[in-house]
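J.: Would you mind keeping the following structure in view while I ask a few things?
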Amino acid sequence: ATPISIMIGVGKAAQYGVLIRNGEALQQAGKLTTIVLDKTGTVTEGRPTVTSVVPTEGWEEDELLHAAASVEAGSEHPLAQAIVEAAKERGMQPEAVEGFAALSGRGVSAEWRGQTVLFGNLRLMGEQGVGLGGLESRFGELAAEAQTPMLLAVAGRAAGIITVADPVKSDSAGAVSRLKREGLKVVMITGDYQAAADAVGRQVGIDQVIAEVLPEHKSDAVAKLQAEGEIVGMVGDGINDAPALARANVGFAIGSGTDVAIESADVTLMRGSLHGVADAIAISQATVRNIK
Ligand code: ADP
Ligand code: MG
């Protein structure tokens, strides 16, 4: 590849809002065989909103939401922002808590009104020995509707479920079908429940869904595909995604992503659209054709 044709390719990509860090990344993009997409913030908007609050016996909706928001106030996770926002819409401000901890891929915990509160997924509750008191099937039903249910437990007992939904970006399905037309396999990876992830996958035409993955295992999933002979492009936006972006043959950070993701990526998609991946691939192929 001549330096001049690479410069032209990089410049052309920039016109599409696709910032390519170096010539190597530009040349690799056209050789990709599999694209791995993070779900939250990549396929979806990454702006979840609360869709239901389901208290158990002895709890009120507002009380449940208030407790969850108080524990989530210390978290930067998009799910936390959704909970705090919903509480504020009902006129409630988060209350001070002690000993806040963010539990990666699981949820959050803190001391609230002198009691230990856990808020998060079934993995968290399982590890902490919290029984669901008959809410298991409700969880499954909600997840199958592409909602993400979270459980609040106070002093080891279930207080209720809060669900959020994160809409799919309007152009995700179009971009996925474009990638598939180019012969690429499209995989989605997420820490969310299998049922919720499958529902999103169906909406956008994903070939394979890898769900319930802990953040630190996302890069292992990329390595596994590589071991199977795939040349992998990984697209993500979060701090969680940085190791997987670095591991991939080409890492794409999607617009409005965190600085960590952008630093670990070879390509930054300024427009926040998955079409940028297909654009990068097309420009790469045109560049390589011109120089051979
Ligand atoms: P993703 O792969 O979508 O970025 P994460 O790995 O960050 O997801 O989280 C996986 C799951 O862990 C979430 O779907 C949620 O059930 C739970 N979780 C993580 N962080 C939080 C939080 N701050 N509050 C509640 N639940 C959380
Ligand atoms: Mg994420």
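Read the figures in this text as sums done on the coordinates, not as results from a lab. Treat the numbers as computed from the prediction; the structure is a model and nothing was measured. As a convention, Cβ positions derive from the backbone with ideal geometry for all residues, glycine included, and neighbour counts pool all protein chains shown.
J.: Subtracting the Cα-Cα distance from 0.36 nm times the residue separation, let me have the gained length for V168 to E98 in nm, one decimal.
T.: Values: separation 70, 0.36 × 70 = 25.20 nm, distance 3.53 nm.
Stretched out fully, the V168 to E98 stretch lengthens by 21.7 nm.
J.: With angles folded into 0 to 90 degrees, how steeply does helix 78-89 sit against the dominant principal axis of the chain? Use alpha carbons for both and round to 10.
T.: 50
J.: Can you list residues from other chains, or at least 5 along the same chain, whose modelled amide H is less than 5 Å from the amide H of T116?
T.: Answer set, sorted by chain and number: A155.
J.: Still on this structure, I have one more. What does a probe at T33 reach in the range 175-194, counting residues whose amide N is under 18 Å from the point 7 Å along Cα→Cβ?
T.: What the label zone holds, given the 18 Å backbone N cut-off, is 179-188.
J.: Just subtract the alpha-carbon distance of A144 and Q115 from 0.36 nm times their residue separation and send over the number in nm, one decimal.
T.: Details: separation 29, 0.36 × 29 = 10.44 nm, distance 3.20 nm.
Full extension from A144 to Q115 adds 7.2 nm.
J.: Here is a follow-up. If the label point is 7 Å along Cα→Cβ of I239, which residues in the range 150-189 have backbone nitrogen under 20 Å from it?
T.: none
J.: At R0 = 30 Å, how high is the FRET efficiency between R90 and E263 if r is their beta carbon distance? Nearest 0.05 is fine. Could you put the intermediate results ahead of the total?
T.: Details: r = 38 Å, r/R0 = 1.27.
According to the calculation, E is roughly 0.20.
J.: Near K39, which lysines are there with a Cα under 19 Å away, not counting those fewer than 8 places off in the same chain?
T.: Once the sequence-local lysines are set aside, what remains near K39 is K169, K180, K185, K218, K224.
J.: Something else now. Can you list residues from other chains, or at least 5 along the same chain, whose modelled amide H is less than 5 Å from the amide H of V36?
T.: Answer set, sorted by chain and number: V187, G233, M234, V235.
J.: While we're on this one: Taking the 0 to 90 degree range and rounding to the nearest ten, how far is the long axis of helix 3-15 tilted relative to the main principal axis of the chain, both from C-alpha atoms?
T.: 40
J.: Simple spin-label model, 7 Å along Cα-to-Cβ: E182 to R123 in nm?
T.: Placing both labels 7 Å along Cα→Cβ, they lie 3.0 nm apart.
J.: In whole Å, what are the Cα extents of the range 59-158 along the three principal axes, biggest one first?
T.: Dimensions of the range 59-158 along the principal axes of its Cα atoms: 32, 27, 26 Å.
J.: Sort 48-56, 132-140 by packing, meaning the average of other beta carbons within 10 Å per residue, with the highest value first. Write down the numbers at each step before the final one.
T.: Working: 48-56: 18.6, 132-140: 14.0.
Ranking, from highest mean packing down: 48-56, 132-140.
J.: What are the aspartates and glutamates whose alpha-carbon lies under 18 Å from the alpha-carbon of K31, with same-chain residues fewer than 8 places away excluded?
T.: E182, E228, E230, D266, D279
J.: Continuing with the same structure: I need the fraction of alpha carbon pairs in the chain separated by more than 37 Å, rounded to a whole percent. Before the final figure, lay out the partial values.
T.: Values: 8888 of 42486 pairs.
Across the chain, Cα pairs with separations above 37 Å total 21 percent.
J.: Give me a comma-separated list of calculated 3J(HN,Hα) values for the range 163-178, in order, Karplus coefficients 6.51, -1.76, 1.60 applied at θ = phi - 60°, integers in Hz, x for any Gly or Pro.
T.: 10, 10, 10, 10, x, 6, 4, 5, 9, 5, 4, x, 5, 5, 5, 5
J.: Suppose R0 equals 45 Å. What FRET efficiency, 1/(1 + (r/R0)^6) with r the Cβ-Cβ distance, do R21 and Q203 give to the nearest 0.05?
T.: Numbers: r = 31 Å, r/R0 = 0.70.
The pair R21/Q203 has a calculated efficiency of 0.90.
J.: Something else: ³J(HN,Hα) across the range 147-154 via Karplus (A = 6.51, B = -1.76, C = 1.60, θ = phi - 60°), whole Hz, x for Gly/Pro?
T.: Those phi angles translate into 9, 10, x, 10, 9, 9, 10, 10 Hz.
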